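Student: Right, I'll just put the structure down here and ask away after.
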Amino acid sequence: MVTALAAPLADGLGDDLGRGALAILAYATLGVLLLIIGFYVIDLAIPGNLRDLIKTDRNPNATLLASSGLTSIGLIVAASMWSSSGELHERLLTTLTFGMVGIAVQTVAMLLFDHIIGISVQDLVRETRPQPGARLLAVIHLVLGLITAVAVL
């Protein structure tokens with residue numbers, strides 16, 4: 001009798017776990033894809049080949065700016081995931097849409113703010129030693145990412 005009652009519970013639990021695992025896989029895949037897109041958008045915004053500046057030149061300023069930009073994009077993507085609702089496909093579409101819009105808004109805001117305060121990213125990535133301007137821009141990029149993430153919520 002106990003076995004007969006436990007079977008439907010186990011089947012339901014298995015279904016729930018399977019759907020949950022599928023959702024995690026789908027969200028993780030989408031998140032990684034958005035971060036890759038974000039990396040290439042940041043690469044377009046920072047003068048020079050970002051991968052070479054980091055990997056070959058070991059440029060600390062380019063690394064800091066790319067890191068802060070990707071962290072900001074991660075915040076935006078996480079907020080997009082958090083704010084999505086509905087069926088899994090609807091939540092993924094919402095995350096994709098909000099993530100892409102967030103990446104665009106973040107990039108435009110970064111470029112605009114960098115230009116307004118008059119710190120040249122091009123000059124910063126030419127420097128081989130850490131620069132105070134790179135630290136300032138990194139913090140500004142993080143704050144802009146947080147603001148954009150909260151706007152998504």
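Computed from the coordinates by the stated procedures, all read-outs in this text should not be read as laboratory data. Values in this document were obtained by computation on a predicted structure and should not be read as measured data. Here the Cβ positions follow ideal geometry from the backbone for every residue, glycine too, while neighbour counts run over all protein chains shown.
Student: Extension gain Ile36-Ala151, at 0.36 nm per residue separation less the Cα-Cα distance, in nm?
Tutor: 39.2 nm
Student: Gain in length, Leu112 to Thr71, computed as 0.36 nm per residue apart minus the alpha-carbon separation, to one decimal in nm?
Tutor: Here the answer is 12.9 nm.
Student: Tell me, what is a quarter of the convex hull surface for the C-alpha atoms of the chain, in nm² with one decimal?
Tutor: 11.2
Student: Compute from the Cα atoms of region 43-112 the Rg and the Dmax, the latter being the longest Cα-Cα distance, and quote both in angstrom.
Tutor: Answer for region 43-112, Rg first and Dmax second: 14.7, 46 Å.
Student: What FRET efficiency, computed as 1/(1 + (r/R0)^6) with R0 = 35 Å and r the Cβ-Cβ distance, is obtained for Arg19 and Lys55, rounded to the nearest 0.05?
Tutor: 0.35
Student: Also, quick follow-up: Counting residues in region 78-138 as N, plug N into 2.2 N^0.38 Å and put the Cα Rg over that result.
Tutor: 1.60
Student: For Leu96 and Gln122, what is the calculated FRET efficiency with R₀ set at 30 Å and r taken between the beta-carbons, to the nearest 0.05? Could the numbers behind the result be given before it?
Tutor: Numbers: r = 32 Å, r/R0 = 1.05.
So the FRET efficiency works out to roughly 0.40.
Student: Taking the dipole about the Cα centre of region 29-153, with the C-beta of Lys and Arg at +1 and of Asp and Glu at -1, give me whichever of Leu53, Ala109, Ile37 is farthest to the positive side.
Tutor: Leu53
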